[in-house]
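First comes the structure, then the notes that go with it.
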Amino acid sequence: KNQFKAREWLNPIMKKMNRESIEYQMMKFYYDNFSKNAANALAIKISKEESTTKRGKLNFYFGLYNELFNATEAASDYYLKVTSMQAPMFFEYRLAEWALGK
């Protein structure tokens, strides 16, 4: 709930990241707060991600962003995308299960 502290924490991390990466774009999405255009563009890029694990992680963090801003239905949709992968090989999968009460 303290955007200034959140940005202060994200700044040094983002400086070290590849600006062309989808992970950087996700961090930038958190940093800049919600933008419908950014959300749509990021959702498209996530859906095109070839790595199942990376796609699952990014969907989890997209869901978490929605949950942080009380968009619980949208958050559940993203968590369902993660758990439907049936690939519990990454930490965020377990968190998505927990968030859905599975």
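The values are calculated or read from the model by the stated rules, or taken from the named source; none is laboratory data. Not measured: the values here are computed from a predicted model. Cβ coordinates were reconstructed from backbone atoms using ideal geometry, including for glycine residues, and neighbour counts include every protein chain displayed. Note: areas computed on protein heavy atoms with side chains; ligands, DNA, RNA excluded. Shrake-Rupley method; radii C 1.70, N 1.55, O 1.52, S 1.80 Å.
Go through L80, L68, L42, L95 and list them by solvent-accessible area, largest first, probe radius 1.4 Å.
Of L80, L68, L42, L95, the descending order of accessible area is L68, L80, L95, L42.
Given a 1.4 angstrom probe, what's the average accessible area per residue across the chain, in square angstrom?
69 Å²
Cα centroids of segment 65-87 and segment 26-50: how far apart, whole angstrom?
Spelled out, the Cα-based centre of one part sits 14 Å from the other.
Report the one residue of I46, F29, N59 whose Cα lies farthest in the direction of the positive end of the charge dipole of the chain (charges on C-beta: Lys and Arg +1, Asp and Glu -1; origin at the Cα centre).
F29
At what distance in nm do the modelled label points of M14 and K45 sit from each other, each positioned 7 Å from its Cα along Cα→Cβ?
Those two pseudo-labels are separated by 1.2 nm.
K16: which lysines have alpha carbons under 23 Å from its alpha carbon, excluding same-chain residues fewer than 8 sequence positions away?
K5, K28, K45, K54, K57
Return the sequence-ordered ³J(HN,Hα) values of segment 51-62 in whole Hz as given by the Karplus equation 6.51 cos²θ - 1.76 cosθ + 1.60 applied to θ = phi - 60°, using x for Gly and Pro.
Running phi through 6.51 cos²θ - 1.76 cosθ + 1.60 with θ = phi - 60° gives 6, 4, 4, 5, 4, x, 4, 5, 5, 4, 5, 5 Hz.
Which residue fluctuates the most in the chain, going by a Gaussian network model with Cα springs under 10 Å, if the choices are N18, N33, N59?
Of N18, N33, N59, the most mobile in the Gaussian network model is N18.
Quote the charge dipole size of the chain about the Cα centre in Debye, to the nearest 20; the model charges only the Cβ of Lys and Arg (+1) and of Asp and Glu (-1).
280 debye
Once you order the gyration tensor axes a ≥ b ≥ c over the Cα atoms, which shape class does segment 33-93 get: rounded for a/c under 1.5, otherwise prolate or oblate by comparing a/b with b/c?
The shape class here is oblate.
Using the Karplus equation 6.51 cos²θ - 1.76 cosθ + 1.60 (θ = phi - 60°), what ³J(HN,Hα) coupling, rounded to whole Hz, does each residue of segment 87-99 give in order, writing x for Gly and Pro?
Each residue's phi maps through the Karplus curve to give 9, x, 9, 9, 3, 5, 4, 5, 5, 5, 4, 5, 5 Hz.
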